[in-house]
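Below is one structure, written out as structure tokens, with a few remarks after it.
The values are calculated or read from the model by the stated rules, or taken from the named source; none is laboratory data. It should be emphasised that the depicted structure is a prediction, and the values quoted were computed from it without experimental measurement. Note that each Cβ is placed from the backbone with ideal geometry, even for glycine, and that neighbours are counted across all protein chains shown.
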Amino acid sequence: MPAIKAARSAGGRGHGPLLPPCVLHDNFFYRTRTDYMPTINEKLTEEIRAQARTLLADGTVAAVIGFARGSLPMTVKPVVVRAAADCGRLVWNSFCVLNLANYLPEVLKSVEPPRGPRDPKPAGPLPKVAVLATGCWSRNIVVQTQEHQVDRERVVVMGVASRGMVSRRKVESHFSGREILAVEELDHDLLVTGADFADKINRWSVVRDNCQTCIHPDPVLVDVRIGEPASARKNPNPFKQVDDLEAQTSAERWAWFTSEFSTCIRCYACRNACPLCYCPTCFVDDARPQWVGKSLDPVDTGLFHLLRAYHCAGRCTDCGACESVCPMGINMRMLTKKLNKDVLNLYGMEAGMQPGSPLPLTTYATTDPQKFIVTEAKAVKEDE
Amino acid sequence: MTTQTTQTSSTSQTSQTSQTAPWDPKIIAFLCNWCSYAGADLAGVSRFQYPPNIRIVRVPCSGRVSENMIMSALKSGADGILVSGCHPGDCHYISGNLFARRRFALLSSLLDFVGIEPGRISFSWVSAAEGEQFAEIVKTVTERVRSLGPATRLVKNIDTVQTA
Amino acid sequence: MKVFRLSQAELDDMVQQWSTTRRVYRPATGRQQPAQADCAPGWERAGDGAPLTVAAGPSKASVKTFLFPQPETMQTYSLKSSDPDRALLKEAAKAADKQIVVGLRPCDARSVQLNNLPYRDDPYYQAGLVRTVMVGFTCKAMCSTCFCDQMGGSPMATEGLDIAVSQLDDSFVAEALTPAGEELTAGLDLTPAADSDLKALAALRKDCPQPDNARLDTLKGRDLNTLYKAPLWQGLGESCINCGACTFICPTCYCFDVQDEVVRGAGRRIRYWDSCMFPLYSLHTTGHNPRGLKMQRTRNRFMHKLKYFPDRFGPFSCVGCGRCVQDCPVNIDIREVISDLLTVE
Amino acid sequence: MISYLPYPVRIDDITVETEDGNLKTFKLVFENEAQQKAWKHVPGQFAMLSLAGQGEIPIGIASSPTEQGHLLFTVNRAGKVTTALHQMHPGARMGVRGPLGNGFPIDTEMKGKNIVIIAGGFAVTTLRATLIYLMEHRRDYGKITFIYGARTPGMLLYQKELQEWAKRDDVELHITVDREAPGWNGLVGFVPTIAGQVAPSPENSVALICGPPIMIKFTMPPLEKIGWTDDQVYLSLENRMKCGEGLCCHCNVGPTLVCKDGPVFTRSQVRQLPLEY
């Protein structure tokens, strides 16, 4: 049984034998080469660390929200850095799939001086927090500001243009389930190594669907610029996936819906990874009345996903965090993407792109389309 | 992993009765207190006939009707849902129905997207003076739901629930 | 104990034969299949003739769903006013026929035993144990996220299995370990294993990583309050998003919530998986929440696995399958947590 | 083997206990006589009240085992199930599952000792059960002191019984309300203050304290001053519960399960637990 022995004898890092060899520095092999040139992400990492150090050292911010290296290939761990000396932990790579805006309200609260629920707000400005933000995350910060979850004055946005984040699931399925032990990231390729294979794959081919169709890769808010601004990206039809599904019959769409969501285990990772979901009590947790049952009944699961998506209408920036964190690989982003399409077509709005104006569902126009209204539909019929 | 094959006596009775009695659509109507409910009242007072399939829930404003209520009615087995409010511009609360219009537009589109038949959920504007129109709309909606048959999609049924 | 030698074709044939009279389940293959009507997420019915292959490492969904279904109907009742038994709860009728789970790994089999410590008096879990036959595959190789040997298990262990299938070079050896396992193999035309097969199996077993929890066992002697107050929880709690992914894919998480569901006069009381990661889990009706902070909930999960459970029952409530390591959205790695806990002063 | 199936019971009587109407006492009678005979509980234990279609709630048993033929539960209207319960009428069917938990050590540590019972608000329910039990077995125990406080006279539970107990000479009763109120001639002051004034001797004594956390916090210092130790003091914890059998883990306080290991703990036991209750 040599295979078992190999996995064991390779040992781990300083922590002891619990961690296997895959946690070696992702770029370990690459760095040993003589023609070593830092990659784009390595340069960005250095810049992030330097800027974070400055912000923390000169007291501009009390905390920096970023990513640290993960324990597995293609993972990162969201961290809150509070000391300039810890900024070396921060990294930037193509696997930063979580939306850091999700952490912002809580971290902002954590850096405030402690006070009781009825104590008045302390005089003077409260400490600030710096957060890394790509296009979609910065749009979420706009939404959070519009919804009064975040005080814009207290946020230092470290804007990074997104090059598209890689879907771990796509890489894994590219290697049809064979275990991946290390992934090295080059500028346009990924070097993937397993126990018995090593392969180079094109980075863009495994970038997440939402990033591939994204037309706003550059942050809309930038207080500290990291790297270069992204060049404008054109996409003839960012809603292609939705359109394809819309072209099907009602029965086919229902079949898609039931099968797509049938594997949901109701772990709520999609909800909790979403920066829009901050309700103290979610509708699924309401007991009086109880809107949605809590077990794996297909109806309850379906209702949960429909209502969750619907609550994101006009607010979703298609950051893809929900889909990336789903342990069962459900494409629940399709629902929010459909709503994004409708909001854009009906009201001409995109979440987080109009900081000054209200969110689409908190306002109205007297001229809003109402084709779906029965009275009107009937009147039209009579006209004909 | 196993389908719950045995039910309580009462449950099997339920399914029997629902099988034997001819199906007639049940439609939940959320009517705004100020216009549509008064319109329904007027329809009654003026003796305009409309199908007895609707079960009216009086709400203060069509803006009060949340997606949770609509989905909850679907889940509980309503064959159709009608939400009716004041005409745009006539809202007792100035703009409740205008906010509602945006929300309903998105909701009906989303439900259509996942394969809920478009005729299941209807929205309309009926003023307090439109008794006849209310009767007409109820007729239209009832006929649409009747032609769709009993609702099955997103209807919870605990007899056939998987246990694993 | 009976031991047989099987080729891949014979193995497939055996599963096929079982599936003619019983429900046989296997881990869903390839990309997540749409769940079949009577299957839990991550599992599918075997016996469609497709060759049985079990991917390396633990299956996506753990075996606990068979013994601790999501949901389990506990009682049923009627709320119809015409029913003389109105509001009278009755034990729900349960399927009692045997079901066979094929392709679980030794870690999952061990989790069944671990969960049986708190659940030894639970009627539904015990009934599930009686009706479920577990045909496990021992591990030829460990994944990089596997650490079963450090939690007291072993990749070649057979504990908790009715039939253990081990892969030799080009064939399989099936050990029928229990009467239930022997019953399954009885009447089938199987080749008894030769002495050379048994020797090869013994050699594999001797060669593979042995249970070694000496290092972790030092946690058992540590003061609870020291671990509870350790600074590491703060950072973990800050990263954690408090979803239930880890608890629901974990084979040894066994919390449940109880709820009533009524549809058109027919009601049932179900129990379904709950997660100590959810704020609602510990919320009092008064609004007071003993674990109101994210950090407290994250801590509770790890402390339960690594301290509370061992203090109560002996072994750790973790089998080292590595599912949570793979699927945690924010990469909270229990191996790192353990390492950090071991260094707490 | 555990059974999760509640015993069917009927509501025999409902008493509104307090002036705000939020506390009602439900008198429950078993539908099945054999089950009633088999039911045995200890004061301080709780049971799951089950309402079909609503759910189950853990409620302390307010009746003493010596009160044969029925069970009493005093329920505060707070959540989903309790609200539904408050809307029910005598004759309705519900369920009871239990008894659960450990109860007060009436036959062990409490036997032969002086008993001091300190209660605040509606936490008095299981202590009512205890007091009645003690009075039924009066010779087994020493001096009994009962200190009970509520916000207003109208918020005192079991008022008829309080009057009867006041007539007895084998129980020392101290009933107090937080503030002066018209028509109230009794003690005025918070429970901790009264407990300090009564100053029960710790000699060969056991104290049972139930009440809001803030009351317990301030009751201890005056008692400690006159020599009470943590081992002599019994408290009853509460946490969210689902199964009541030590399986579902909802009520854990560190390694301790309130439903199975408790709800009654000595104060020294509680002090060793993490603050998760």
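Across region C:59-79, the number of residues qualifying as part of a loop (DSSP other than H, G, I, E, B), facing chain B (nearest Cβ under 7 Å) and hydroxyl-bearing (Ser, Thr, Tyr) comes to 0. Of all residues in region C:131-152, those that are under 24 Å from C:LYS199 (Cβ atoms) and among the small types (Gly, Ala, Ser) total 2. Taken over region B:68-95, residues that are aliphatic (A, V, I, L, M) and part of a helix (DSSP H, G or I) amount to 5. Here the condition is being of a type in the set (Ser, Thr, Tyr) and touching a strand residue (DSSP E or B) at 6+ places or on another chain (Cβ under 6 Å); of C:THR20, C:THR73, it holds for C:THR73 alone. Can you tell which of C:LEU79, C:LEU117, C:LEU67 is touching a residue at least 60 places away in the same chain (Cβ under 8 Å) and surrounded by 24 or more Cβ atoms within 10 Å (Cβ to Cβ)? Matching residue, one of C:LEU79, C:LEU117, C:LEU67: C:LEU67.
Filtering region C:246-273 to residues that are in a loop (DSSP other than H, G, I, E, B) and within 7 Å of another protein chain (Cβ to nearest Cβ) leaves C:CYS255, C:ARG264, C:GLY265.
Would you be able to say whether some residue in region D:241-262 is more than 10 Å from chain C (Cβ to nearest Cβ), in a strand (DSSP E or B) and closer than 28 Å to D:GLY112 by Cα? Scanning region D:241-262 turns up no residue that is more than 10 Å from chain C (Cβ to nearest Cβ), in a strand (DSSP E or B) and closer than 28 Å to D:GLY112 by Cα.
The rows are residues; the columns are (1) within 9 Å of chain A (Cβ to nearest Cβ); (2) surrounded by fewer than 22 Cβ atoms within 10 Å (Cβ to Cβ); (3) farther than 21 Å from A:ASN340 by Cα.
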| residue | (1), (2), (3) |
| --- | --- |
| B:CYS86 | no, no, yes |
| B:TYR93 | no, yes, yes |
| B:ARG101 | yes, no, no |
| B:PHE104 | yes, no, no |
| B:LEU111 | yes, no, no |
| B:GLY131 | no, no, yes |
| B:ILE137 | yes, no, yes |
| B:VAL141 | yes, no, yes |
| B:SER147 | no, yes, yes |
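Conditions tested, residue by residue: (1) crowded, with 21+ Cβ neighbours inside 10 Å; (2) under 24 Å from D:GLY79 (Cβ atoms); (3) within 28 Å of the chain's Cα centre (by Cα); (4) hydrophobic (A, V, I, L, M, F, W, C).
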{"position": "C:GLY237", "(1), (2), (3), (4)": "no, no, yes, no"}
{"position": "C:ILE249", "(1), (2), (3), (4)": "yes, no, yes, yes"}
{"position": "C:CYS253", "(1), (2), (3), (4)": "yes, no, yes, yes"}
{"position": "C:GLY267", "(1), (2), (3), (4)": "yes, yes, no, no"}
{"position": "C:ILE270", "(1), (2), (3), (4)": "yes, yes, yes, yes"}
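Checking each residue in region D:204-257 for being hydrophobic (A, V, I, L, M, F, W, C), in contact (Cβ under 8 Å) with a residue 60 or more places away in the chain and closer than 30 Å to C:GLN70 by Cβ picks out D:MET241, D:CYS243, D:LEU247. Does region A:66-81 contain at least one residue that is surrounded by fewer than 24 Cβ atoms within 10 Å (Cβ to Cβ), touching an Asp or Glu at 6+ places or on another chain (Cβ under 8 Å) and among the β-branched types (Val, Ile, Thr)? Looking for residues that are surrounded by fewer than 24 Cβ atoms within 10 Å (Cβ to Cβ), touching an Asp or Glu at 6+ places or on another chain (Cβ under 8 Å) and among the β-branched types (Val, Ile, Thr), one finds at least one in region A:66-81, hence yes. Filtering region B:103-125 to residues that are touching a residue at least 24 places away in the same chain (Cβ under 8 Å), more than 15 Å from the chain's Cα centre (by Cα) and in a helix (DSSP H, G or I) leaves only B:ARG103.
Pairs linking a residue in region A:345-372 that is outside the structural domain of A:VAL142 (by TED's automatic domain parsing) and in contact (Cβ under 8 Å) with a residue 24 or more places away in the chain to a residue that is part of a helix (DSSP H, G or I) and among the aromatic types (Phe, Trp, Tyr), with Cβ atoms under 6 Å and 6 or more positions apart or on different chains, are A:PRO360/A:TYR347. Where helices (runs of 4 or more DSSP H) fall wholly inside region C:174-227, the ranges with 3 or more residues that are surrounded by 13 or more Cβ atoms within 10 Å (Cβ to Cβ) and more than 14 Å from chain A (Cβ to nearest Cβ) are C:179-185. A search for C-beta distances below 9 Å between a residue of region C:212-230 that is of a type in the set (Phe, Trp, Tyr) and any residue that is part of a helix (DSSP H, G or I), counting only pairs 6+ apart in sequence or on different chains, returns C:TYR228/C:ARG299; C:TYR228/C:MET303; C:TYR228/C:LYS307.
Take the conditions (1) touching a residue at least 24 places away in the same chain (Cβ under 8 Å); (2) surrounded by fewer than 21 Cβ atoms within 10 Å (Cβ to Cβ); A:ASP58 misses just one of them, which is (1). Within region C:87-104, the set of residues being at the interface with another protein chain (Cβ under 7 Å from one of its Cβ atoms) and in contact with a Lys or Arg (Cβ under 8 Å, 6 or more places away or on another chain) comprises C:ALA87, C:LEU88, C:LEU89, C:ALA95, C:GLN99. Can you pull out the helices (runs of 4 or more DSSP H) entirely within region C:288-332 that have at least 1 residues that are surrounded by 23 or more Cβ atoms within 10 Å (Cβ to Cβ)? Counting at least 1 such residues, we get C:294-303, C:323-327.
May I ask you to verify whether C:VAL330 is touching a residue at least 60 places away in the same chain (Cβ under 8 Å), closer than 16 Å to C:CYS243 by Cβ and at the interface with another protein chain (Cβ under 8 Å from one of its Cβ atoms)? Yes; evaluated as a whole, the condition is true for this residue.
Among all residues of region A:93-109, there is at least one that is over 16 Å from A:ILE226 (Cβ atoms) and charged (D, E, K, R). Here the condition is being under 26 Å from D:GLN45 (Cβ atoms), within 17 Å of the chain's Cα centre (by Cα) and not aliphatic (A, V, I, L, M); of D:TYR141, D:TYR148, it holds for D:TYR148 alone. For region C:147-170, the condition holds for at least one residue, the condition being that it is away from every other protein chain (no Cβ under 14 Å), farther than 25 Å from A:ARG178 by Cβ and hydroxyl-bearing (Ser, Thr, Tyr).
If the condition is being among the aromatic types (Phe, Trp, Tyr) and more than 29 Å from D:GLU180 (Cβ to Cβ), then region D:118-164 contributes D:TYR133, D:TYR141.
Quick one: which helices (runs of 4 or more DSSP H) lie wholly within region A:233-320 and hold at least 2 residues that are among the hydroxyl-bearing types (Ser, Thr, Tyr) and within 12 Å of chain B (Cβ to nearest Cβ)?
The qualifying helices (runs of 4 or more DSSP H) are A:250-260, A:298-311.
One residue is enough: does region A:324-347 have a residue meeting the conditions of a type in the set (D, E, K, R), outside any helix (DSSP H, G or I) and crowded, with 16+ Cβ neighbours inside 10 Å? Checked against the condition, which is being of a type in the set (D, E, K, R), outside any helix (DSSP H, G or I) and crowded, with 16+ Cβ neighbours inside 10 Å, region A:324-347 yields no hits at all. Among the conditions (1) more than 10 Å from every other protein chain (Cβ to nearest Cβ); (2) touching a helix residue (DSSP H, G or I) at 6+ places or on another chain (Cβ under 6 Å), B:ALA151 misses just one, which is (2).
Got a sec? Which of A:CYS270, A:CYS264, A:CYS277 is crowded, with 24+ Cβ neighbours inside 10 Å and either touching a helix residue (DSSP H, G or I) at 6+ places or on another chain (Cβ under 8 Å) or of a type in the set (Val, Ile, Thr) (or both)?
Working: A:CYS264 fails: crowded, with 24+ Cβ neighbours inside 10 Å; A:CYS277 fails: crowded, with 24+ Cβ neighbours inside 10 Å.
Going through A:CYS270, A:CYS264, A:CYS277 in turn, just one is crowded, with 24+ Cβ neighbours inside 10 Å and either touching a helix residue (DSSP H, G or I) at 6+ places or on another chain (Cβ under 8 Å) or of a type in the set (Val, Ile, Thr) (or both): A:CYS270.
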